[in-house]
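Coordinate-derived values only; no laboratory data. Just so we're clear, the structure is a prediction, and the values are computed from it rather than from any experiment. Using ideal geometry, Cβ is built from the backbone for each residue, glycine included, and neighbour counts are taken over all protein chains shown.
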Protein chains: 2
Amino acid sequence: MMNASGSPVRQSSVRAHNLALVLQTVANSADQPSRAAIAASTGLTRATVSALVDDLIEGGLLVELEPAPRTGAGRPAAGLALAPDGPAGLGLEINVDYLAACVVDLTGAVRHRLVARADQRLLSPEAALAELGRLAAQARAAATIDGLTLAGAALAVPGLVTPDGLVRVAPNLGWQDVDAAQALRKVPALADLPVAVDNEANLAALGELRADHGGEPTFLYVSGEVGIGAGIVLDGELYRGGRGWSGEIGHVTVFPDGRPCRCGANGCLEQYAGQEAMAADADLAAAALGIALAAVVNLLDIDQIVLGGGYAPGFDRLRPGIEAELRRRVLTAELAPVTLRPATLGADAAMRGAADAVIRGVRDNPAAWSGRLG
Amino acid sequence: MMNASGSPVRQSSVRAHNLALVLQTVANSADQPSRAAIAASTGLTRATVSALVDDLIEGGLLVELEPAPRTGAGRPAAGLALAPDGPAGLGLEINVDYLAACVVDLTGAVRHRLVARADQRLLSPEAALAELGRLAAQARAAATIDGLTLAGAALAVPGLVTPDGLVRVAPNLGWQDVDAAQALRKVPALADLPVAVDNEANLAALGELRADHGGEPTFLYVSGEVGIGAGIVLDGELYRGGRGWSGEIGHVTVFPDGRPCRCGANGCLEQYAGQEAMAADADLAAAALGIALAAVVNLLDIDQIVLGGGYAPGFDRLRPGIEAELRRRVLTAELAPVTLRPATLGADAAMRGAADAVIRGVRDNPAAWSGRLG
C-alpha cells in the first residue's frame, strides 16, 4: 500500500486507519452490524475485521450485543454497537448568565447535565473559571460513578479564542487575554485531561453539523445569548477565517448611529437582538436579525439558517419578522428561498458541541485513545 | 502509475498531465528555462521533456529563444518561453455605462483593448449584446491581424449568472433572464468560439488572484461601478456560494430606512457608494463602504480588501473614511489590522479576468487546446 506522496505507509498507521474505519462503520450504521457486514462494507477481510473488532472491544469502544433469538436456520450473528460505558467527553460552557457542564458518552447520549445560572459579569475571570471548575468536578464525579472514563474536556466561550486556548476578547464577559485552558488545567479534577477552548458559536455549529446526517451541508448557525455569535459551515466544513475569528455577527452594524455597544461601536446587532434586548422588544430584535442575516445571505449565498442558543426556544416568535426582512433585502429572495430553522440541539448546542468535539476526537483516532489498542 | 481510485491511468491522460506540467513550469519561471532545467524541476526525464516541448512548440504554445552569445566553454542552452503569438483569450464586459473587449495573449499581455462608453440602461438587452458583438468582432479582427488565434471568449456581467450563461438578474442593467451566452454565440465573428459568462466581480477577483503570486491568499475583492459587487477569495479559491451568487455586497443594508434601491429594498450599499452616489458625496460613500466592509470582516475574518473597478482610481480619496469605520466597527480591529489596497489590474480587472479565464483554460489543459497536440 502506498500513500499519496508515493512512500510506503507504515503498518502501524494502516492499523490506526483501519481501527477508525471499523469504529466509524459501526457509528454510522442504522442497525448493529455484524463482523461480516463490516467486512462487506469496508472491503477488509473478515479476519482483519475480527482482529480489529476484538481490539476495539478490549479498548472499551465497542460492545458485542447478544444475538437475537434463533428464528430460522443458521447461527444468528452478534451485532456490534458503540460502547455506552467507554470513553466520554466533558463539555463545558461559560456564558454571560450561566455556567454549564455535560457528559456525553461515545454513542452521543447526554449522561449528565449541570447548569448554574448566575451573572458572570459580576465575577472576575479567575472566580468564574474556579466556579466552572467546581461544576466540571461534579460532572466528572458523576461520570466516574457511571463507569465512564473522560477522554478530554472542551470549553465553549463567547469570544475570540486562539488555537492554544487563550481568550483574547470576550466583550460581554468583560474578559481580555484570559488563559482559560491553563486555568482549567489547574483544577485538580481536570489536571489529567486534555482541555480545549473554542468559540461557543463554532462549537455549536459543529454540534449541529454532526447532528445533520445529510452529506456536506452549507448553513449559518446563529447563537443568541446576551451576545450573538455565528458559526459558518460551508460544504460540510466549519469556516473559521484567517485567525479563527469568523462569525462575529453580533457586531455587524444594523443601525449605524444606533445604540452604543460594549465593543465601542454603535448599532451592533447584539444591542437589538441580544437576549436582554430581545426581552424588551422582540419585534425590533427580529427586524435587526433579519437585516444582519440578509447581509450574510447576500454575501455568502447561504440558503439555510439555524437559530440556536436562546433563539431556539423563541424561534416561532422571531421567525415572521426575520423572514419579512429576508424577503425584502436578499437580492435572490425570489429566485432561491432561504430556510430558517431552530437548532436541533436547542439551547444546549454549544456545550453539546464541546463534548461532541471530544468524542469525535476518540472516534476519529481510536488508536490514540487507548494504550490498550496501541 | 495508478490514480487515487486505484485504476490504472491511461497513457493519453498521463501525456495530457505532463504537457500541462511542462507548460506551467515555463509559465511560472522567472527566467526562460532550458529543457534540462524543466527536467530537473519536474522530475521527468530529459527525453520526455524534449518530446513534450517539441509538441508544445508545434502547437504554438511555447517558443524557443535564441541562445545567448557564447561567453565561456560549452554550448549555451536555448531558453523556452510562452508563445506570444499562440492562443489568446477574448475578454468581454458589459456594464451600466460602458462595453469593453480585450485580447490577452498566452503570456498575459493585453494586445488589444476597446472600450465604448454609453449608458446601457437605454438599450434593450438584445441591442446591448449586439453592440458588444460588434466590439468583439473588431477585437477578433485585430487579433487575427496579429497572428493570434482566439481560444475562447468570456463575458463579465454585473448580475447573477447561472453556470450555463443565463443572466437571471442584473438589477442595474434592468435585465432579467437574458441568455447572454446564446446571444454572443449568434454573433458570426464568435460563432466558432466557446463563450462563458460569469459575474464581473468574480472574474475580477480571479484576475486579481492570478496577479497575486503569494501562495493561497484570502481577500475580498470589491468592484465599484454604478452597482457594486464582490468576489470572495478564501485560501486561494473563489468562494461562489451555493448557486454561484455570493458577493452581492452592493445589496448589503447600510441604512435600514435609507434610500430606495432598484432591487426593491432600502438603504443598500450601492445607493451610497455606487459610482453615481460616490460622485455626489465621496465622504458618505466611504463611510457606507466602511460599514459594509466591517460586516464582511466581522463575519469572515478576512484581513485583506482589494478595491477595484471605479474604486481603484478613487482609492486615495476613499481610504481614510473606510479605515475610520473599520477601526470603529471591526471587533478585532486592535488585534489584527485590515489591509486595504487598490486592485492590481485597476479598472480593467473584470475584462482582464475574463480573458485570463480563457487563457488559464488553455494553460491548464494544453492537450485539449489543439488537435495538433492530441
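Could you work out the relative contact order of segment B:126-233? I mean the mean sequence separation of Cα pairs under 8 Å and 6+ apart, divided by the number of residues, in percent.
24 percent
Given B:Ile291, A:Val306, B:Val22, which one lies farthest toward the positive end of the charge dipole of the protein assembly as shown, if we put +1 on the Cβ of every Lys and Arg and -1 on the Cβ of every Asp and Glu?
B:Val22
Using label points projected 7 Å from each Cα along Cα→Cβ, tell me how many nm separate B:Ala336 and B:Glu131, to one decimal.
Distance between label points: 4.4 nm.
Work through the residues other than A:Val226 whose Cβ is under 11 Å from its Cβ and net out their charges, Lys, Arg +1 and Asp, Glu -1.
Residues near A:Val226 contribute -3 overall.
Using the Karplus equation 6.51 cos²θ - 1.76 cosθ + 1.60 (θ = phi - 60°), what ³J(HN,Hα) coupling, rounded to whole Hz, does each residue of segment A:287-302 give in order, writing x for Gly and Pro?
For segment A:287-302, the Karplus curve yields 5, 5, 4, x, 5, 5, 5, 4, 4, 4, 5, 4, 7, 10, 6, 9 Hz.
Only Lys, Arg, Asp and Glu count, each charged at its Cβ (+1, +1, -1, -1), so figure out the dipole size of the protein assembly as shown about its Cα centre, rounded to 20 debye.
The calculated dipole for the protein assembly as shown is roughly 1400 debye.
In the neighborhood of B:Lys186, defined by Cβ-to-Cβ distances under 14 Å, what is the net charge if each Lys or Arg adds +1 and each Asp or Glu adds -1?
-2
Between segment A:136-208 and segment B:103-139, what's the alpha-carbon centroid distance in Å?
58 Å
Report, by chain and number, residues whose modeled amide H sits under 5 Å from the one on A:Arg111, excluding near sequence neighbours (fewer than 5 apart, same chain).
Those lying under 5 Å, H to H, from A:Arg111 are A:Val103, A:Val104, A:Asp105.
Mean separation of Cα pairs under 8 Å and 6+ residues apart, divided by the residue count of segment B:214-343: what relative contact order is that in percent?
Computed value for segment B:214-343: 24 percent relative contact order.
Using the beta-carbon distance between A:Leu166 and A:Gln24 and R0 = 30 Å, what value does 1/(1 + (r/R0)^6) give for FRET efficiency, to the nearest 0.05?
Once the sixth-power term is evaluated, E becomes 0.40.
Can you work out the FRET efficiency for the pair A:Asn266 and A:Asp235, with r the C-beta to C-beta distance and R0 = 30 Å, to the nearest 0.05?
Taking R0 as 30 Å, the efficiency between A:Asn266 and A:Asp235 is 0.30.
Taking springs between alpha-carbon atoms closer than 10 angstrom, which of B:Ala287, B:Ala204, B:Ala88 fluctuates most in the Gaussian network model of chain B?
Highest fluctuation among the options: B:Ala287.
What is the distance in Å between the Cα centres of segment A:353-370 and segment B:341-366?
45 Å
Can you sort A:Arg328, B:Arg117 from fewest to most other Cβ atoms within 10 Å of each residue's own Cβ?
Exposure proxy ranking, most exposed first: B:Arg117, A:Arg328.
Looking at segment B:214-343 only, what percent of DSSP beta bridges run antiparallel? Nearest 5 please.
Here the share of antiparallel DSSP bridges comes out near 55 percent.
Using unit Cβ charges (K, R positive; D, E negative) and no other charged atoms, how large, in debye to the nearest 20, is the dipole of chain A about its Cα centre?
720 debye
How would you order A:119-126, B:170-177 from highest to lowest mean count of nearby Cβ atoms within 10 Å?
The packing order, highest mean first, is B:170-177, A:119-126.
Please report, to two decimal places, log10 I(q)/I(0) for segment B:202-261 at q = 0.12, 0.15, 0.17, 0.29 Å⁻¹ as given by the Debye formula with identical point scatterers on the Cα atoms and no solvent.
The calculated log intensity ratios at q = 0.12, 0.15, 0.17, 0.29 Å⁻¹ are -0.33, -0.49, -0.60, -1.20.
Run the simple label-point estimate for B:Arg259 and B:Ser124 please: 7 Å along Cα→C-beta, distance reported in nm.
In this crude label model, B:Arg259 to B:Ser124 measures out at 3.1 nm.
Search the structure for amide H atoms under 5 Å from the amide H of B:Gly159, placed 1.01 Å from N in the peptide plane, and list their residues when 5 or more places away or on another chain.
Correct list: B:Glu200.
Sequence-distant or interchain residues sharing an amide H contact under 5 Å with A:Thr149, placed H: which?
For A:Thr149, the qualifying residues are A:Ala88.
May I ask you to evaluate 6.51 cos²θ - 1.76 cosθ + 1.60, the Karplus curve with θ = phi - 60°, for each residue of segment B:171-186 and list the ³J(HN,Hα) values in order in whole Hz, giving x for glycine and proline?
Coupling constants for segment B:171-186: x, 6, 8, x, 8, 9, 6, 9, 7, 5, 4, 5, 4, 6, 5, 7 Hz.
If you plug each phi of segment B:137-152 into the Karplus form 6.51 cos²θ - 1.76 cosθ + 1.60 with θ = phi - 60°, what whole-Hz ³J(HN,Hα) values come out, in order, with x for Gly and Pro?
For segment B:137-152, the Karplus-derived couplings read 5, 4, 5, 5, 4, 5, 5, 5, 4, 6, x, 8, 10, 6, 8, x Hz, x marking Gly and Pro.
Could you tell me what fraction of 2.2 N^0.38 Å the Cα radius of gyration of segment B:11-82 comes to, as a two-decimal ratio?
It is 1.10.
Would you mind counting up the charge near A:Thr332? Only other residues with Cβ under 10 Å from its Cβ, with Lys and Arg at +1 and Asp and Glu at -1.
-2
Once the Cα atoms of helix B:200-211 and of chain B are each reduced to a long axis, what angle between those two axes, in degrees from 0 to 90 to the nearest 10, is obtained?
Long axis of B:200-211 versus the principal axis of chain B: about 50 degrees.
With springs only between Cα atoms under 10 Å, which of B:Ala312, B:Ala30, B:Ala265 fluctuates most in a Gaussian network model of chain B?
Result: B:Ala30 has the largest fluctuation of those listed.
Quick one: putting +1 on the C-beta of Lys and Arg, -1 on the C-beta of Asp and Glu, what dipole do you get for segment A:89-238 around its Cα centre, in Debye to the nearest 20?
500 debye
Build a GNM of chain A with springs between Cα atoms under 10 Å: which of A:Glu276, A:Glu225, A:Glu93 gets the top mean-square fluctuation?
Between A:Glu276, A:Glu225, A:Glu93, it is A:Glu276 that shows the largest mean-square fluctuation.
Going by alpha carbons, how many degrees (0 to 90, nearest 10) lie between the helix axis of A:46-58 and the longest principal axis of chain A?
60 degrees
Starting from the alpha-carbon convex hull of segment A:333-373, give the projected area averaged over all orientations, in nm².
4.8 nm²
What is segment B:157-277 by shape, rounded, prolate or oblate, if you read a ≥ b ≥ c off the alpha carbon gyration tensor as root eigenvalues and call it rounded for a/c under 1.5, prolate for a/b larger than b/c, and oblate otherwise?
In terms of gyration-tensor shape, oblate.
Taking every Cα atom in segment A:214-343, find the radius of gyration and the maximum pairwise distance Dmax, and write them in Å.
Cα only, segment A:214-343: 13.8, 42 Å (Rg, Dmax).
Nearest 500 deg cm²/dmol is fine: what mean residue ellipticity at 222 nm does the protein assembly as shown get from its DSSP H runs of n ≥ 4 alone, each adding -39,500 (n - 2.57), divided by its residue count?
Taking each H run of at least 4 residues, the total per residue is -11500 deg cm²/dmol.
What is the helix-to-structure angle for A:349-364, meaning the angle in degrees between its Cα long axis and the longest Cα principal axis of chain A, kept from 0 to 90 and rounded to the nearest 10?
Once rounded, one gets 30 degrees.
In Å and on Cα atoms, what radius of gyration and Dmax does chain B show?
Radius of gyration, then largest Cα-Cα span, for chain B: 22.7, 78 Å.
If eta is 0.692 mPa s and T is 37 °C, what Stokes-Einstein diffusion coefficient results for segment A:172-226, Kirkwood Rh from Cα pairs, in µm²/s?
236 µm²/s
For B:Asp316 and A:Ala78, what does the FRET efficiency come to when R0 = 51 Å and r is the distance between their Cβ atoms, rounded to the nearest 0.05?
E between B:Asp316 and A:Ala78, to the nearest 0.05, is 0.10.
For the protein assembly as shown, what number results from the quotient of the Cα radius of gyration and 2.2 N^0.38 Å?
1.09
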